[in-house]
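Quick note: the coordinates plus some simple rules give every number you see, no bench work behind them. Please read all numbers here as calculations on a predicted model, not as lab measurements. Neighbour counts are summed over all protein chains in view; Cβ atoms, including those assigned to glycine, are modelled from backbone coordinates with ideal geometry.
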Amino acid sequence: MKQALFLATLAAGTAAAAPTVTRLTPPSELFASGQAGPVIARFLPGQRFDLQASIRPDAGQKIAAVRYFVDGRPVAANVSLRDCEKGCVKGVDAATAIATVRAVSVEAAGVHQLSVEATQTDGQRVAARGNFEVVPFAAALGPRVKNIIILLGDGMGASQRTAARIVRGYAQGKAVQPLAMDTFSATALVKTASLNSIVTDSSPGMTAYVSGNKNNNNEEGVFPDDTVDAFDNPRVEYLSEYLYRTQGKQLGIVTTADVFDATPAGNAVHSSNRGAGTGIVDQFFDDRGLTGLTVLMGGGRKWFLPAGTPGSARTDTNDYAFAPDDDLVKRWGASPGRLDKGRDLIKDFQAAGFSYAPTKAELDRADATKPLLGLFAFSNMNVALDKINGRRGTEKNGLQGGSVVDDFGLPDQPMLDEMAAKAINVLKRAPKGFVLMIEGASIDKQAHAMDTERWMLDTLEFDRAVRVAQDFAAEQGDTLVIVTADHECSGAALIGGSVVTDKVLAELATKKGVANLRNGVVGTYEKAGFPRYRIAADGYPETTDIDYRLLVGYGANADRYEDWRTKKTPQRDVQQPFAVDAPLKWYPANAQERDDALGDYLVTGQVPGEQAVHTATDVPLSAYGPGALAFTGVIDNTDVFFKLAQAAVKGVVAPADASGSRKPVKPRR
Ligand SMILES: [Zn+2]
């Protein structure tokens, strides 16, 4: 059978004209380069994924039939054939056929060969082959974990982690108070490349951890395809979907970003466009029967309000609607969706039994026995520094007075650790356990902005959520916790400490330029000493404008002006629906506009544009609880998925790990 197929390929290949397979999914090196390795696509036994091929017929021909084979045996499922009339991406011939088989799975372990065979109307045939691997579960040496908590510090590389620890204090070279994540039992270095770049964005950065597969940048839970439709790509089943389908584990998603953002969506939503907000939030709700979604918290109210309501961003142009007989509906069981910009999605959540919390006060009051939707901002939530200043009543000194959270009209937003605690309180009632993803989103967003103090405090906020998860895991003994990042952001480097007081720093800024603000301020090596931030009772520095502060440089920066002092406001966030109105329209548009008024010390960037960028540098991952010791060495981001699934499905492979019962180090305060 295989032999015959191969000969057919050769025959077709030698003809003057023949159809051509231009893409074969899942992606493989066997198809792309003819090399059998490395194997790109890997799945769990029984994990569902789609097969797809793009096949270009000869001029005047059409593709008439397509068959798939795994290890030479025909795949017994419907092949849906469509052409590019509905729209393919630029450069793809309009006669190209897209042949898709939805929701297949393979139980047998090992590397499998996938082949596709296509026939065009004149009878000419083509065949192509690729491969994928099914990774078996190992024999367990310990118990299965009931719950998985993934803490994702977006953009949090080793520098961001270290900076947060330094803010907590060093004495004669030793950390006074370790971060919660520093007390975890095992640590690995993670390689973060995506399917199409050494530098990932947050979509494939997240989905690698929870699908076991590489996705393209800007794409989540799907393999790339040739159509323009952002919701029809070949899918791969998420950890949440796999564990809900096979075990009944429920899903929680908590973020400080807009909930449509790449990291939260990359746990439950399948789309090749991370920006397709309306469709993304609809899919969270409409496909909760596939994911077990029980808790969803963050910002992003603008996608939930009916079009026409002030603040709404719902539009049909980034929504989706499948035909009722589409194989996504028939074989995956996905909801067909609807172009419904007028939908009141908050009402739909409530009608389905969810509590809805728009503020921290409402979050505190929410009934923990019910599923929970929390939307605390119209888009991204305010960052820790601004939320804390709001709680302390600290004015932002300038612009229109008041605090940043008042400017946003959102004075009562919860901190990430408070959201995490509530999420766990709801999910711990899940009889079969849960998967919970908690994201510190603005470590990344503020590193992009090169706003040092804002990402440092967001890393502290994130670590407080880590502690909440660790405390729960220590108490339960059946919960595996990992804390990591999807990628590093900004090439942040802890270059040293200021050699002057804050008062002198402010004066130097008025004298301006390199001589004063660089040569007169930056202390390297022993001149950096140990910056001493005073931590207040709320867990955050009394002020970040201390004398002899920590100084951070950026290796992946855009041009910026630097005066080393805490920025009074964040930069304008164009995702906020009210960013064009006063007072938010007065916020600086970028890092140049932000600081040039004072210091006139230009730091030339190596990257174009206005923002620092993600880097390809490995990120640390720390693990706690049963199964933690599986996370060591230098691992691929996709490896994390298989380790998590092993612990939940079959049982842990590192029984010597006693950390599940070890109490975490309590913070001194
Ligand atoms: Zn980013």
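Laid out as a table, the results:
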{"read-out": "Cα principal axis extents for the chain, largest first, Å", "value": "82, 52, 51"}
{"read-out": "Region 549-606: relative contact order as a whole-number percent, Cα under 8 Å and 6+ apart", "value": "54 percent"}
{"read-out": "For the chain, size of Cβ-based charge dipole, Lys and Arg +1, Asp and Glu -1, in debye", "value": "1520 debye"}
{"read-out": "Positive-end residue of Gly599, Ala616, Trp586, charge dipole of region 573-626 with Cβ unit charges", "value": "Ala616"}
{"read-out": "Cβ-based exposure ranking for Ser202, Ser185, in which fewest neighbours within 10 Å come first", "value": "Ser185, Ser202"}
{"read-out": "Free-standing Cys, the chain [no other Cys Cβ under 4.7 Å]", "value": "Cys489"}
{"read-out": "Ranking of His448, His487, His270 by count of other Cβ atoms within 10 Å, fewest first", "value": "His448, His487, His270"}
{"read-out": "Dipole magnitude (debye, nearest 20) for region 429-512, charges at Cβ of Lys, Arg, Asp, Glu", "value": "200 debye"}
{"read-out": "Positive-pole candidate from Tyr533, Ala515, Val500, dipole of region 469-587, charges at beta carbon", "value": "Ala515"}
{"read-out": "Positive-end residue of Pro336, Val176, Ala36, charge dipole of the chain with Cβ unit charges", "value": "Val176"}
{"read-out": "Sequence-separation-based contact order of region 217-257, relative, with Cα cut under 8 Å and 6+ spacing, percent", "value": "26 percent"}
{"read-out": "Student exercise, region 391-462 dipole from Lys, Arg, Asp, Glu Cβ charges, in Debye to nearest 20", "value": "460 debye"}
{"read-out": "Ranked Ile253, Ile166, Ile495, criterion: other C-beta atoms within 10 Å, fewest first", "value": "Ile495, Ile166, Ile253"}
{"read-out": "Over 26 Å between alpha carbons, listed pairs Lys330/Lys370; Lys370/Lys432; Lys347/Lys396; Lys191/Lys567; Lys445/Lys568; Lys330/Lys650", "value": "Lys330/Lys370; Lys347/Lys396; Lys191/Lys567; Lys330/Lys650"}
